[in-house]
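For reference, the structure is listed below as structure tokens.
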Amino acid sequence: MTPEAPSGKPCILLVEDEPSVSKVIGKLLDEAGYDHVSIADHKEIAAAIDRWNPRCIILDSEPGSAGHARSWVDAAALRRAHPDLPVLMFTADPASMAEARAKTSARSKAADYAGVLDKPFLIVEFLATLKYAVDTSRTRTAAKVPAAAPTGLAAEAMKVFPDLRGSSSSGWATADFFSMAVHELKTPLTSIDGQTQLAQRALTKDPVRAAEALSHVRESTKRMNRLIGELLDYGRVGAGALSLDVATFDLAVAVAITIAQHEHLDAPRITLAATEPVRIQGDPDRIAQILGNLLDNAIRYSAPGSSIDVSINKVGPNAEVRVTDRGVGVPIDERERLFSPFFRSSRTRDVAGNGLGLHISRRIAEQHRGRLWLDASSDIGSTFILALPLAG
């Protein structure tokens, strides 16, 4: 295969799990005269290299102990399998940037990044670093890098993609939480900064393009505001400091109001089955937060216009709210980690999110002496159940 994509332009492989950032980088690469391929899952790197034969890889450095380790190992394996293929680190973590630039630690020498891209970034610096990586030969001597296996990166699969199953996400240290929080906050900030720079460049030449970029800035700002709220809630539920304003109210009415707030199409897609008043004691706003999160997920991860069924029933001493979608489902081996903080299912990483909503919702339910769980899931949808004690 030639080093260029079919168009004749150099092809750049972007490994980034945040759709808004991928969109900004894609526009920037298009304007700079590159072809690009974006993937969200590190497990797809080998196949993408075989198919597109990129001239450079921009590798997102994921937060958290396991994520950081995986990114370093990915880069080292790429160096062994493809010694002439430059890899750029793309990260919001200052410590990782300094380590990659110094190239004094064992893993930084093994990864041998061709350059480092900061989040947020300046367009001029971003393009200059990329151009240098693409234009500079990556010739290696056998003394520096072991010979690559004839089967390329696929032979490195066990080393490149370690098994991240287990309770690693729930056992992160405090420092890892702050690293994750900084990364999550810098992700929309990267999008805001990039879109603003694109708007500035297009302001006089293409006002429509500039207006579109500014619209994306507003969406990223709203997302950042929501994220800050979720991070605050995460800290509060973890410390047992989330206050509740308890009242007795009709859960069926609260569910109906929440559904109405999520219906944005001419034809309603959410149906509610509730035959009688269901009175519970709790914080109406916090219960609405749980319901809103379940409906948000059902809408985001389902096909546009597909139906969502909500029902309320009394089961023994509890009221149960059942939410059923027609979405992508949750793989069996990921269900135990679904409520862990910052966990994202492999089937939903191409959709914006931070993996906090379900964790916070479960903790709020538990604070109400209730439960929240995944009752069933398949390739054609999932059912979540929220159980709360009846009043009295």
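Can you confirm whether region 221-237 contains a residue that is in contact (Cβ under 8 Å) with a residue 60 or more places away in the chain, assigned to a loop (DSSP other than H, G, I, E, B) and in contact with a Lys or Arg (Cβ under 7 Å, 6 or more places away or on another chain)? Give the derivation first.
The initial filter retains those residues of region 221-237 that are in contact (Cβ under 8 Å) with a residue 60 or more places away in the chain, namely 223, 227, 230-231, 233-234, 237.
Still in the running and assigned to a loop (DSSP other than H, G, I, E, B): none.
No, region 221-237 contains no residue that is in contact (Cβ under 8 Å) with a residue 60 or more places away in the chain, assigned to a loop (DSSP other than H, G, I, E, B) and in contact with a Lys or Arg (Cβ under 7 Å, 6 or more places away or on another chain).
Any idea which of (1) hydroxyl-bearing (Ser, Thr, Tyr); (2) modelled with pLDDT of 85 or more; (3) open to solvent by 50 Å² or more (accessible area, probe 1.4 Å) is the one Ser108 doesn't satisfy?
Ser108 satisfies all of (1) hydroxyl-bearing (Ser, Thr, Tyr); (2) modelled with pLDDT of 85 or more; (3) open to solvent by 50 Å² or more (accessible area, probe 1.4 Å) except (3).
Suppose the filter is of a type in the set (D, E, K, R), closer than 21 Å to Arg371 by Cβ and open to solvent by less than 80 Å² (accessible area, probe 1.4 Å); does Asp325 pass it? Walk me through how you get there before you give the answer.
Working: of a type in the set (D, E, K, R): yes; closer than 21 Å to Arg371 by Cβ: yes; open to solvent by less than 80 Å² (accessible area, probe 1.4 Å): yes.
Taking the combined requirement at face value, the residue satisfies it.
Provide a single number: the residues in region 258-270 that are in contact (Cβ under 8 Å) with a residue 24 or more places away in the chain, open to solvent by 20 Å² or more (accessible area, probe 1.4 Å) and within 29 Å of the chain's Cα centre (by Cα).
Let us first name the residues in region 258-270 that are in contact (Cβ under 8 Å) with a residue 24 or more places away in the chain, namely 258-259, 261-262, 265, 267, 269-270.
If we keep only those that are open to solvent by 20 Å² or more (accessible area, probe 1.4 Å) as well, we get 261-262, 265, 267, 269.
Right, trim to within 29 Å of the chain's Cα centre (by Cα) and you get 261-262, 265, 269.
Residues flagged as in contact (Cβ under 8 Å) with a residue 24 or more places away in the chain, open to solvent by 20 Å² or more (accessible area, probe 1.4 Å) and within 29 Å of the chain's Cα centre (by Cα) within region 258-270 amount to 4.
Please find, among Tyr301, Tyr234, the residue that is closer than 24 Å to His359 by Cα and touching a Ser or Thr at 6+ places or on another chain (Cβ under 6 Å). Please lay out each step first, then the result.
Details: Tyr234 fails: touching a Ser or Thr at 6+ places or on another chain (Cβ under 6 Å).
Step by step, each of Tyr301, Tyr234 is checked, and only Tyr301 is closer than 24 Å to His359 by Cα and touching a Ser or Thr at 6+ places or on another chain (Cβ under 6 Å).
How many residues does region 328-339 contain that are among the aliphatic types (A, V, I, L, M), touching a Lys or Arg at 6+ places or on another chain (Cβ under 9 Å) and open to solvent by 80 Å² or more (accessible area, probe 1.4 Å)? Walk me through how you get there before you give the answer.
Of all residues in region 328-339, those among the aliphatic types (A, V, I, L, M) come to 328, 330, 332, 338.
Restricting the remaining residues to those that are touching a Lys or Arg at 6+ places or on another chain (Cβ under 9 Å) gives 328, 330.
Add one more test, that the residue is open to solvent by 80 Å² or more (accessible area, probe 1.4 Å), and what stays is none.
Selection size over region 328-339: 0.
Output the residues belonging to region 239-257 that are in contact with a helix residue (DSSP H, G or I) (Cβ under 8 Å, 6 or more places away or on another chain), open to solvent by less than 50 Å² (accessible area, probe 1.4 Å) and in a helix (DSSP H, G or I).
Leu251, Ala254, Val255
Using the structure shown, decide if His359 is under 30 Å from Lys23 (Cα atoms), open to solvent by less than 50 Å² (accessible area, probe 1.4 Å) and either touching a Pro at 6+ places or on another chain (Cβ under 7 Å) or not charged (D, E, K, R) (or both).
On the way: under 30 Å from Lys23 (Cα atoms): yes; open to solvent by less than 50 Å² (accessible area, probe 1.4 Å): yes; either touching a Pro at 6+ places or on another chain (Cβ under 7 Å) or not charged (D, E, K, R) (or both): yes.
Criteria met by His359.
Considering (1) modelled with pLDDT under 75; (2) aliphatic (A, V, I, L, M); (3) touching a strand residue (DSSP E or B) at 6+ places or on another chain (Cβ under 8 Å), say which one Ala239 fails and leave the rest.
(3) is the only condition that Ala239 fails.
Among the residues of region 55-64 satisfying the criterion of being open to solvent by 10 Å² or more (accessible area, probe 1.4 Å) and either modelled with pLDDT under 90 or of a type in the set (Ser, Thr, Tyr) (or both), which is nearest to Ala114 (Cα to Cα)? I'd like the intermediate steps shown before the answer.
The first filter runs over region 55-64 and keeps only residues open to solvent by 10 Å² or more (accessible area, probe 1.4 Å), leaving 55, 62-63.
Next cut, either modelled with pLDDT under 90 or of a type in the set (Ser, Thr, Tyr) (or both) only: 62-63.
On the way: Glu62: 18, Pro63: 20 Å.
Among those that are open to solvent by 10 Å² or more (accessible area, probe 1.4 Å) and either modelled with pLDDT under 90 or of a type in the set (Ser, Thr, Tyr) (or both), it is Glu62.
Given the conditions (1) touching a Cys at 6+ places or on another chain (Cβ under 8 Å); (2) open to solvent by 20 Å² or more (accessible area, probe 1.4 Å); (3) under 28 Å from Phe342 (Cα atoms), report the number of the one that Ala95 does not fulfil.
It is condition (1) that Ala95 fails.
Given the residues Val24, Val73, Val15, which is the only one that is surrounded by fewer than 20 Cβ atoms within 10 Å (Cβ to Cβ) and either touching a helix residue (DSSP H, G or I) at 6+ places or on another chain (Cβ under 9 Å) or modelled with pLDDT under 90 (or both)? I'd like the intermediate steps shown before the answer.
Values: Val24 fails: surrounded by fewer than 20 Cβ atoms within 10 Å (Cβ to Cβ); Val15 fails: surrounded by fewer than 20 Cβ atoms within 10 Å (Cβ to Cβ).
Sole residue among the options that is surrounded by fewer than 20 Cβ atoms within 10 Å (Cβ to Cβ) and either touching a helix residue (DSSP H, G or I) at 6+ places or on another chain (Cβ under 9 Å) or modelled with pLDDT under 90 (or both): Val73.
Are there any pairs with C-beta distances below 8 angstrom linking a residue in region 295-308 that is of a type in the set (Phe, Trp, Tyr) to a residue that is surrounded by 13 or more Cβ atoms within 10 Å (Cβ to Cβ), with the two at least 6 apart or on different chains, and if so which?
Close Cβ pairs satisfying both conditions: Tyr301/Asp325; Tyr301/Gly327; Tyr301/Val328; Tyr301/Arg347; Tyr301/Thr348; Tyr301/Val351.
Rundown of residues vs (1) under 22 Å from Ser22 (Cβ atoms); (2) open to solvent by less than 10 Å² (accessible area, probe 1.4 Å); (3) among the aromatic types (Phe, Trp, Tyr); (4) modelled with pLDDT of 85 or more, yes/no style:
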| residue | (1), (2), (3), (4) |
| --- | --- |
| Ile45 | yes, yes, no, yes |
| Asn53 | yes, no, no, yes |
| Ala66 | yes, no, no, no |
| Pro83 | no, no, no, yes |
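The values are calculated or read from the model by the stated rules, or taken from the named source; none is laboratory data. Bear in mind that the values here come from a model prediction, so they are computed numbers and not experimental data. Neighbour counts run over all protein chains shown; Cβ positions are idealised from the backbone, glycine included. Only protein heavy atoms, including side chains, enter the accessible area calculation; ligands, DNA and RNA are left aside. Shrake-Rupley method; radii C 1.70, N 1.55, O 1.52, S 1.80 Å.
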